[in-house]
Amino acid sequence: GDVEHAGGGSGGGDADKPAPLQVALRQFSWFDPSLEVRGFVYDRRLTALTTYNEYVYFPLLATNARAIAERIERAFAPLLASLPAHMRNCVVDFILVPREHAGAAPPPPAAAAMMGDDGDDALQLVVCELNPFAEFAGLGLYDPVADMPLLQGKCAPSSAELTTASGVPLRVLTAAPRFAMQNLAPAWRRFVDEHSRGGGAA
């Protein structure tokens, strides 16, 4: 595809010549940020999933974690075999987008309303980013040392892990992190303080 061509994945061309600038345009889609999930692929096998933003607690994701993970797993499975050889190990960013609003200007309806039995029909999977399988790509809630065998599919998740029916683990925050306020920039911290006291405008 165009991503492989831009990255020189086909192996063609002159390595001594700089590659030309590649521009790829994608249709814009509104989405609920709680439905953005990072996945890990090793040897063309989905080995683990994690919340994309490990600093934010999303109640929708926490409540529907297994259902969301299994929808991603089902929709992505047919694409695994088509990954180019140099991306057989990669980090993938997924978004579940309301199908009827894909690319539309208005924001989608509340994602919570789409998590019923018809979710596979109401939501479509978008692969928004492919990254090298490396720590610098961002591992979410996984530890780069302790969890590397799990991300590489070399060991099974523990019995305490939330997993899909096929055993793919998904880690999400189940409460707001204690360090969230400390990580905010001072201006945003003042904003949160003011509004949490009811002192700011709605």
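The values are calculated or read from the model by the stated rules, or taken from the named source; none is laboratory data. Since the model is a prediction, treat every value here as computed from it, not as a measurement. In this analysis, Cβ positions are derived from the backbone assuming ideal geometry, glycine residues included, and neighbour counts consider all displayed protein chains. Ligands, DNA and RNA are stripped out before the accessible areas are found, and what is left, the full protein with its side chains, is counted by its heavy atoms. Shrake-Rupley method; radii C 1.70, N 1.55, O 1.52, S 1.80 Å.
Observations on the structure shown:
- Against the numbered list (1) over 19 Å from ASN53 (Cα atoms); (2) open to solvent by less than 50 Å² (accessible area, probe 1.4 Å); (3) modelled with pLDDT under 90, LEU150 comes up short only at (3).
- Here THR50 meets the list (1) among the β-branched types (Val, Ile, Thr); (2) surrounded by 12 or more Cβ atoms within 10 Å (Cβ to Cβ); (3) modelled with pLDDT under 90 almost entirely, failing just condition (3).
Per-residue answers, yes or no, for (1) closer than 23 Å to SER158 by Cα; (2) at pLDDT 85 or above:
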position	(1), (2)
ILE72	yes, yes
SER82	no, yes
ALA85	no, yes
PRO109	no, no
ASP117	no, no
